[in-house]
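Colleague: First, the structure itself, so that you have it in front of you.
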Amino acid sequence: MPVQAIRWEENGVTLIDQTQLPERLIYLTIDDYERLGLAIRRLEIRGAPAIGIAAAYGVLLGIKSFDNTSSKIVFFDQLERVIQYLKSTRPTAINLAWSLDRIRGVAQKNQDASIEKIKEKLLNEALAIHESDRLTCAHIGKYGAELLKDGMRVLTHCNAGALATGGIGTALGVIYTAVAAGKKIAVYADETRPLLQGSRITAWELQEAGIDVTLICDNMAAYLMQQGKVEIIIVGADRIARNGDTANKIGTYSLAVLAEKHQIPFYIAAPLSTFDFSIADGTEIPVEERAAAEITNGFGKRTAPVDIKVYNPAFDVTPFGLIKGFITEKGVIQPPFAENF
Ligand code: MRU
C-alpha cells in the first residue's frame with residue numbers, strides 16, 4: 001500500500017499537506033470544517049475522490065458541537081450550511097457533490113432519529129465512502145492492469161494516485177497492480193504546470209513505492225511520443241459527462257490529441273462516482289479558474305511581469321472521441337460510450 005492521503009481520527013481529519021511535498025511529509029490534523037474547506041481550496045488535499053472523502057468527514061466536523069439537547073431545526077440548518085460551504089470549495093470534480101449528497105441523503109432518511117444517532121449514521125456513511133473508494137481503486141487497478149503488458153512504458157499526467165484517493169489511486173492504481181503482478185512497467189510523469197502535481201506528488205509517490213518513474217516537463221510529451229517512448233497513456237478524471245467527454249487536469253486534452261496523432265491508446269481511469277449522468281456533454285462541466293499567482297509566482301519566485309494578464313483554467317475537457325476506454329471498478333468501458341455506460 002502506498003501512502004495514505006487522509007484518515008479519520010477521534011473528531012478530526014488527518015491528511016498529508018500535499019502543498020509541502022516533496023520537500024516535507026507533513027500531516028495536518030483538522031478539527032474545524034471551515035479549515036477543512038480551506039485545505040480543499042488550497043490543494044492541501046486534492047484529487048477528485050480524496051476531496052469527496054475529505055468533504056464527507058468535513059460535515060462531521062461542522063456538526064460536532066450538537067447533541068441530543070440541541071434544537072433539531074438548528075442542527076439541520078447547520079448541516080445544510082456546512083454541506084453548501086464544502087460544495088463551494090471546488091467546482092469541477094463531481095465526487096465532491098456526489099459524496100456530500102450521499103451524506104445529506106442519510107441525514108434526511110434518519111431525520112426522526114436523535115441527533116446523536118444521526119451523527120453516528122453520518123460518520124458511518126463517511127467511513128463507508130472512504131472504504132468503498134479504497135476497494136474501488138483496487139478493482140480499477142485489477143481491470144486496468146490487464147491492459148499493461150510486461151515492459152510497457154506509460155505516460156500519466158497530474159496525480160491520480162494514492163494521494164488523490166482513498167486507496168491505491170486510479171491511473172496509478174493500474175500501475176501499482178501491474179507491478180505487483182510482476183510486470184516491469186516504466187512510467188513517465190508529466191510535471192503538470194502550474195502547480196506541479198506530477199513532479200511534486202506523482203513522481204514522489206511512485207518513487208517512494210519503488211516504481212520506475214521518469215519526470216518530464218509537459219511540453220516534452222509530444223517528443224517522447226514521436227520517439228516511440230510512450231505505449232499507453234493513463235490519466236484520472238474529475239468529471240465525465242454522459243457522452244464520455246472528460247474533465248481532468250489542464251493539459252490532459254493536449255495529451256489526448258497527441259495520442260491520436262501517434263496512435264497511442266489513451267485511457268481514463270476513474271470510479272463511477274466521477275461520472276455525471278446529469279449532463280449530456282463536456283460543455284456543461286464547470287471548469288475551475290484559479291489565481292493568477294499560481295502562474296506568475298511559479299517556482300517560489302516571480303516568473304512573469306507585474307500586472308501581466310493571466311488565464312489559469314485548472315482543468316480541460318477531452319472529447320470522448322479521443323478516449324480509447326474508461327477503466328472503472330466494473331471493468332473497462334469501450335466505445336460507443338453513451339450506450340455502454
Ligand atoms: O487540481 P487537482 O490536483 O485536484 O487535480 C487532480 C486531477 O486532475 C486528477 O487527475 C483527478 O482528480 C483524478 S484523481 C484520481
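Just so you know, all these numbers are worked out from the coordinates, no wet-lab data involved. Since the structure is predicted, the reported quantities are computational estimates derived from the model, not experimental observations. Positions of Cβ are generated from backbone atoms using ideal geometry, with glycine treated the same way; all protein chains shown enter the neighbour counts.
Colleague: Can you tell me the 0 to 90 degree angle between the C-alpha axis of helix 115-145 and the longest principal axis of the chain, rounded to 10?
Modeller: 10 degrees
Colleague: Right, something else. List, in order, the whole-Hz ³J(HN,Hα) value for each residue of the range 100-113 obtained from phi through the Karplus relation with A = 6.51, B = -1.76, C = 1.60 and θ = phi - 60°; use x for Gly and Pro.
Modeller: Rounded to whole hertz, the list is 5, 5, 4, 5, 4, x, 5, 4, 5, 4, 10, 4, 8, 6.
Colleague: Still on this structure, please answer the following. May I ask you to list the lysines whose Cα is less than 16 Å away from that of Lys109, ignoring any residue fewer than eight positions away on the same chain?
Modeller: List returned: Lys72, Lys117, Lys119, Lys121.
Colleague: Counting only residues 5 or more places away or on other chains, whose amide H sits under 5 Å from the amide H of Tyr188 once H atoms are built in the peptide plane?
Modeller: For Tyr188, whose amide H was placed from the backbone, the distant partners under 5 Å are Val154, Leu155, Thr156, Thr214.
Colleague: Ignoring everything except DSSP H segments at least 4 long, calculate the 222 nm mean residue ellipticity for the chain; use -39,500 (n - 2.57) per segment, divide by total residues, nearest 500.
Modeller: For the chain, the value works out to -11500 deg cm²/dmol.
Colleague: Just how far, in whole angstrom, is the range 290-341 from the range 29-71 if you go by their alpha carbon centroids?
Modeller: About 25 Å separates the Cα centre of the range 29-71 from the one of the range 290-341.
Colleague: So, one more: Which one, Ser71, Ser132, Ser254, has the greatest fluctuation when you compute a Gaussian network model over the chain with C-alpha springs under 10 angstrom?
Modeller: Evaluated over the chain, the most mobile residue of the options is Ser71.
Colleague: Can you list the lysines whose alpha carbon sits under 16 Å from that of Lys229, skipping same-chain ones fewer than 8 residues off?
Modeller: Here the lysines satisfying the reach criterion relative to Lys229 are Lys149, Lys184, Lys261.
Colleague: Rounded to the nearest 0.05, what FRET efficiency is calculated for Arg81 and Lys301 with R0 set to 51 Å and r the Cβ-Cβ distance?
Modeller: Efficiency at R0 = 51 Å is approximately 0.80.
Colleague: Further question on the same structure: Return the aspartates and glutamates within reach of Lys64: Cα separation strictly under 12 angstrom, same-chain partners fewer than 8 residues apart disregarded; answer none if there are no such residues.
Modeller: List returned: Glu10, Asp31, Asp32, Glu116, Glu120.
Colleague: Counting other C-beta atoms within 10 Å, which of Phe299, Phe341, Phe275 has the fewest, and how do the rest follow?
Modeller: Fewest to most other Cβ atoms nearby, the residues stand as Phe299, Phe341, Phe275.
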